[in-house]
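Peer 1: Sharing a structure below in C-alpha cells format, with a few things to ask.
The values are calculated or read from the model by the stated rules, or taken from the named source; none is laboratory data. Because the structure is predicted, anything quoted here is derived from the model rather than measured. Don't worry about glycine lacking a Cβ; one is built from the backbone with ideal geometry, like all the others, and counts go over all protein chains shown.
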Amino acid sequence: MLSAVRFQEELRRVARSLARVPIGDPLAAAVRKITQNPAFTQSRLLARILTALTYQMGEFRRAEISAFDSDTLAMVITLMDAHAAGTSPREEWTSAVDAAKAALLGVQ
C-alpha cells in the first residue's frame, strides 16, 4: 500500500511522458467525469484521489495507476498541480468531494 503522497509521486512518474492538454478548471472537470460515469473504475479512483488531496489521507495500490487512461491521468496530474498551487478555495474542494461521494452513492 502507498500513502496518498507516495501514490501522487508514482502518478507523476508514470505521467512524465504524457502530453497534457490544458484543463481550465480541473476540479470541475474531475467532478463532471465522476458524476457522468460513477460506476467506472476510473471515476471511483478519481473520487478517492480527490478525497485524498482534500483531506490529505488515503491509501492506494501502485497497480491502481494502470486504471487511468492517458486523458484521465493527465487530468489527475493537473488536479494535483491545482491543489498544490492553491488556486481553488478549500470550500470548493470539500464541495467537490461531497458531489463525488453523492454520485458514487447513487450507483450502490
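Peer 1: Consider Arg48 against the criteria (1) at pLDDT 95 or above; (2) of a type outside the set (Ser, Thr, Tyr); (3) in contact with a helix residue (DSSP H, G or I) (Cβ under 8 Å, 6 or more places away or on another chain): it satisfies all of them except one. Which criterion is unmet?
Peer 2: Just one mismatch for Arg48, condition (3).
Peer 1: Output the number of residues of segment 30-84 satisfying the condition of being touching a residue at least 12 places away in the same chain (Cβ under 8 Å), farther than 16 Å from Ala15 by Cβ and not in a helix (DSSP H, G or I).
Peer 2: 7
Peer 1: For segment 1-60, give me each residue that is within 22 Å of Arg90 (Cβ to Cβ) and among the β-branched types (Val, Ile, Thr).
Peer 2: Those that are within 22 Å of Arg90 (Cβ to Cβ) and among the β-branched types (Val, Ile, Thr): Val5, Ile23, Val31, Ile34, Thr35, Ile49, Thr51, Thr54.
Peer 1: I would also like to ask the following. Can you report the number of residues in segment 85-108 which are farther than 15 Å from Pro26 by Cα, touching a residue at least 40 places away in the same chain (Cβ under 8 Å) and surrounded by 11 or more Cβ atoms within 10 Å (Cβ to Cβ)?
Peer 2: 4
Peer 1: Just checking, which of Gln56, Gln42 is touching a Ser or Thr at 6+ places or on another chain (Cβ under 6 Å) and among the polar types (S, T, N, Q)?
Peer 2: So the residue among Gln56, Gln42 that is touching a Ser or Thr at 6+ places or on another chain (Cβ under 6 Å) and among the polar types (S, T, N, Q) is Gln42.
Peer 1: Does Leu27 qualify as being crowded, with 16+ Cβ neighbours inside 10 Å and either under 10 Å from the mean Cα position of the chain (by Cα) or not in a helix (DSSP H, G or I) (or both)?
Peer 2: yes
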